[in-house]
């Protein structure tokens, strides 16, 4: 590269007026005639990484596979199904009318149970305790069937 | 943000991140893994970043912080990520030695220039960021960045010239 052009490029570079392409050209063409610029360019060239060809496309392919294989979608479906199942279980266990007895049925069962008890016990209407200690209880009672006789 | 928009606005920046990530991690497979991890991080936050005013800046910052985290896991003493360079590799033993020496000289120069100037210089010349991208990363305006960069370039040149004269 001619000296004049090289000097102009270096000046532009120093003033930050150079474009990316011009800076690349400067780094490639600079020789030891300008040792400072040559050293800096060598340093930059050694550290500046070149992007591999089709880097983004290859990376995207990998990334796409990864996000597609993550079980996000499956997790969502399974959790929705589980929630529905829990709600259905709760609904049926609390609202099934077959398991619950109506008031009339309960009354009839109570009546049935009462009838199973000996009649005598039912006849004792009231008991007035006269005396009570650890071994004896003395009480008075009225029996309805006496009146019937 | 759907997959196509994510690909267009976020993932397409992978190539722009490559030089910086490579400079910090210094190995192609590590760079690829790191970029995948960065993108996955951003993908998980896609609903939040959808309305971000500066998506590009956010991507670059996420990438830089991710690399610094990796470096700190290996070496907790690392403080200044701008001054972290991987050792040159060359098949030629003599060249390797020369490059190592040059590396030492330039790192010393960089250590002595103000932090903001150094940061901007490395972002522009080594990481290959454009002025707008540096503005997003540093929250400085472009004119200020130009001033810092110009001062840094001039300072490096001067120091290298002095060093060259001294060697002669």
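For the pair region B:4-71 / region A:1-74, the C-alpha centres are spaced 18 Å from each other.
What average count of beta carbons from other chains do you get within 10 Å of the Cβ of residues in A:54-66? Provide the component values of the computation, followed by the final result.
Working: counts 1, 6, 9, 1, 2, 8, 5, 0, 5, 10, 3, 0, 4.
The mean count of partner-chain Cβ atoms within 10 Å per residue comes to 4.
Applying Stokes-Einstein at 4 °C and 1.567 mPa s to the Kirkwood radius of region B:88-168, computed over alpha-carbon pairs, gives a translational diffusion coefficient of 93 µm² s⁻¹. Each peptide in B:31-43, A:55-67 was scored by the mean count of other Cβ atoms within 10 Å over its residues; highest first, the order is B:31-43, A:55-67. With contacts taken as Cα pairs under 8 Å and at least 6 residues apart, chain B reaches a relative contact order of 24 percent.
Here the Debye sum runs over all C-alpha atoms of chain B as equal scatterers in vacuum, and log10 of I(q)/I(0) at q = 0.17, 0.19 Å⁻¹ comes out as -1.13, -1.31.
Exposure proxy for B:23, B:16: other Cβ atoms within 10 Å of each Cβ, ordered fewest to most, give B:16, B:23. Using bins of 5 Å that start at zero, the share of Cα-Cα pairs per bin across region A:55-95 amounts to 5, 20, 14, 12, 11, 9, 8, 6, 5, 4, 3, 1, 0, in whole %. What does the C-alpha gyration tensor say about the overall shape of region A:3-47? Classify as rounded when a/c is under 1.5, otherwise prolate if a/b is larger than b/c, or oblate. Here region A:3-47 falls in the oblate category. For the residues of A:33-40, the average number of beta carbons from a partner chain within 10 Å of their own beta carbon is 6.
Among the residues of B:15-26, the average count of other protein chain beta-carbon atoms within 10 Å of the residue beta-carbon is 3. Note on region B:1-86: Rg/Rh from C-alpha atoms, Kirkwood Rh, equals 0.99.
Every number here is computed from the coordinates shown, using simple stated rules; none is lab data. Bear in mind that the values here come from a model prediction, so they are computed numbers and not experimental data. Every residue, glycine among them, receives a Cβ derived from its backbone with ideal geometry; neighbour counts consider all protein chains shown.
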